[in-house]
1. For Ala129, state whether it is crowded, with 24+ Cβ neighbours inside 10 Å, at pLDDT 95 or above, in contact with a Pro (Cβ under 6 Å, 6 or more places away or on another chain) and part of a loop (DSSP other than H, G, I, E, B).
2. Which residue out of Val30, Val43 is surrounded by 17 or more Cβ atoms within 10 Å (Cβ to Cβ), among the hydrophobic types (A, V, I, L, M, F, W, C), outside any helix (DSSP H, G or I) and at pLDDT 95 or above?
3. Are there any pairs with C-beta distances below 9 angstrom linking a residue in the range 319-346 that is more than 19 Å from Ala15 (Cβ to Cβ) to a residue that is acidic (Asp, Glu) and not in a helix (DSSP H, G or I), with the two at least 6 apart or on different chains, and if so which?
4. Are there any pairs, at least 6 apart or on different chains, whose C-beta atoms fall under 9 Å, with the first in the range 297-312 and of a type in the set (Val, Ile, Thr) and the second surrounded by fewer than 14 Cβ atoms within 10 Å (Cβ to Cβ) and not in a loop (DSSP other than H, G, I, E, B), and if so, which?
5. Is it the case, given these coordinates, that Ala136 is under 21 Å from the mean Cα position of the chain (by Cα), assigned to a loop (DSSP other than H, G, I, E, B) and under 15 Å from Ala28 (Cβ atoms)?
6. For the subset of the range 48-77 comprising residues that are under 30 Å from Ser147 (Cα atoms) and touching a helix residue (DSSP H, G or I) at 6+ places or on another chain (Cβ under 7 Å), which member is surrounded by the most Cβ atoms within 10 Å (Cβ to Cβ)?
7. So which of Gly121, Gly167, Gly155 ends up being surrounded by fewer than 24 Cβ atoms within 10 Å (Cβ to Cβ), over 25 Å from Glu384 (Cβ atoms), more than 21 Å from the chain's Cα centre (by Cα) and not charged (D, E, K, R)?
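The values are calculated or read from the model by the stated rules, or taken from the named source; none is laboratory data. Every value quoted in this text rests on a predicted model; they were computed, and no experiment measured them. As a convention, Cβ positions derive from the backbone with ideal geometry for all residues, glycine included, and neighbour counts pool all protein chains shown. Only protein heavy atoms, including side chains, enter the accessible area calculation; ligands, DNA and RNA are left aside. Shrake-Rupley method; radii C 1.70, N 1.55, O 1.52, S 1.80 Å.
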Amino acid sequence: MASVTTTEEATLERAADAPMLAQVERWAAVNSGTGNLAGLKAVAGQLADAFAALPGEVRLVAPDPVESVDAAGQVNIVQRGDHLHLRVRPEAPVQLLLTGHMDTVFAADHPFQTLKWLEDGVLNGPGTADMKGGIAVILAALTALESAPLASRVGYDVLINSDEETGSHASAALIAELARGKTAALTYEPALPDGTLAGARPGSGNFSVIVHGLSAHAGRNPDDGRNALLAAADLALRLAKLKSPSLKVNPAKIDGGGPNNVVPDSAILRVNMRPSTPEAMAEAESALRAAVAAVSREHDVHCHIHGGFNRPPKPLDPAATRLFELVRSCGAALGIDIAWKATGGVCDGNNIAACGIPVVDTMGPRGGAIHSSDEFLITGSLAERARLSALTMLRIAERGTV
């Protein structure tokens with residue numbers, strides 16, 4: 001790919017000069033754990049004000065209802081926060097989707113609430129890398145793009161959802177709607193500390209298997225009971241045996257049981273499954289249902305499966321590979337080495353790829369130790385990644401494709 005032109009450089013400098021660090025510090029100072037509706041509302045308001053500087057309409061979109069199984073086996077509706085959506089030039093010949101998330105994994109009562117400098121250029125704080133830093137990069141790159149001669153060729157949708165950390169159940173339909181017909185998509189999860197991007201990703205499914213048995217006295221007539229806890233444990237062991245090179249299985253928790261002198265009549269098994277291919281996903285779901293049927297029959301209990309595969313596998317198909325190669329060539333023009341590798345994590349990039357849209361989903365700044373109190377952002381990478389994003393979008397606009 002050609003070196004950066006004088007016209008491109010002017011746009012890239014505008015991206016690099018944006019006040020990203022100040023924005024990250026302001027946004028990360030507000031707790032916005034997925035369940036903290038007040039914090040999410042506050043952050044959504046700040047983001048709406050910030051993105052209003054771009055042309056187009058900024059709106060807050062109500063979340064879809066989300067079901068959750070509690071420890072008693074009851075299915076309840078869980079409320080999520082509003083999502084932010086910006087649409088600019090939907091009539092332009094090149095259409096992009098840029099996504100990020102405003103929620104973090106840190107609840108309102110989590111002890112990790114404040115920011116501090118670990119060393120010069122390394123900022124520790126909740127959501128600094130994952131991914132309020134990424135949101136700042138989106139805004140900087142798009143603000144710079146608007147000043148470029150090619151801007152009129154590019155339309156885009158920006159989605160900042162409120163529930164990515166819990167699977168995007170309240171925003172999955174919106175993601176699919178906005179992905180439709182796009183030339184390409186960029187998602188702003190953090191890159192690894194050395195700048196490596198995530199390539200192929202597995203899928204992910206979370207299941208709660210509700211087991212209904214029959215209570216009885218543990219000493220007087222235990223054989224009249226049907227032990228739901230034992231059935232759930234048997235199911236956990238059977239599912240664990242499904243592990244293979246193409247499928248990871250994690251039986252994570254069993255809710256249920258009670259007094260030692262009562263045969264437990266209810267239990268809930270929580271399990272996560274991560275298939276690496278669509279074929280493995282179909283096989284995993286079939287095997288799960290077969291195991292549930294066998295346990296139901298052998299333990300004489302009734303089981304109900306709640307949940308599903310909310311993140312399909314994301315292989316690197318030819319279109320996605322071309323987009324990665326374009327990002328790498330843009331990095332080379334900027335003196336940045338870009339590489340990628342398969343990862344075990346999942347994100348909204350999975351959902352976008354399932355719509356047939358090429359996506360690079362780690363376009364955010366470099367950082368690490370995410371989902372822990374050691375989370376950090378390498379602040380110098382804000383300008384680096386804003387330049388990379390701006391150049392990538394300019395060259396997609398110039399080519400009209402990836």
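1. When the stated conditions are applied, Ala129 does not pass them.
2. Val30
3. Correct list of pairs: Asp337/Asp194; Ala339/Asp194; Gly345/Glu189.
4. Cβ pairs passing all conditions: Ile305/Arg289.
5. Working: under 21 Å from the mean Cα position of the chain (by Cα): yes; assigned to a loop (DSSP other than H, G, I, E, B): no; under 15 Å from Ala28 (Cβ atoms): yes.
Answer is no for this residue.
6. Out of the qualifying residues, it is Phe51.
7. Working: Gly121 fails: over 25 Å from Glu384 (Cβ atoms); Gly167 fails: more than 21 Å from the chain's Cα centre (by Cα).
The unique qualifying residue is Gly155.
The rows are residues; the columns are (1) assigned to a helix (DSSP H, G or I); (2) aromatic (Phe, Trp, Tyr); (3) open to solvent by 50 Å² or more (accessible area, probe 1.4 Å); (4) more than 27 Å from Pro315 (Cβ to Cβ).
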site	(1), (2), (3), (4)
Leu326	yes, no, no, no
Gly335	no, no, yes, yes
Asn350	yes, no, no, no
Asp374	no, no, yes, yes
Arg385	yes, no, no, no
Arg395	yes, no, no, no
Thr401	no, no, yes, no
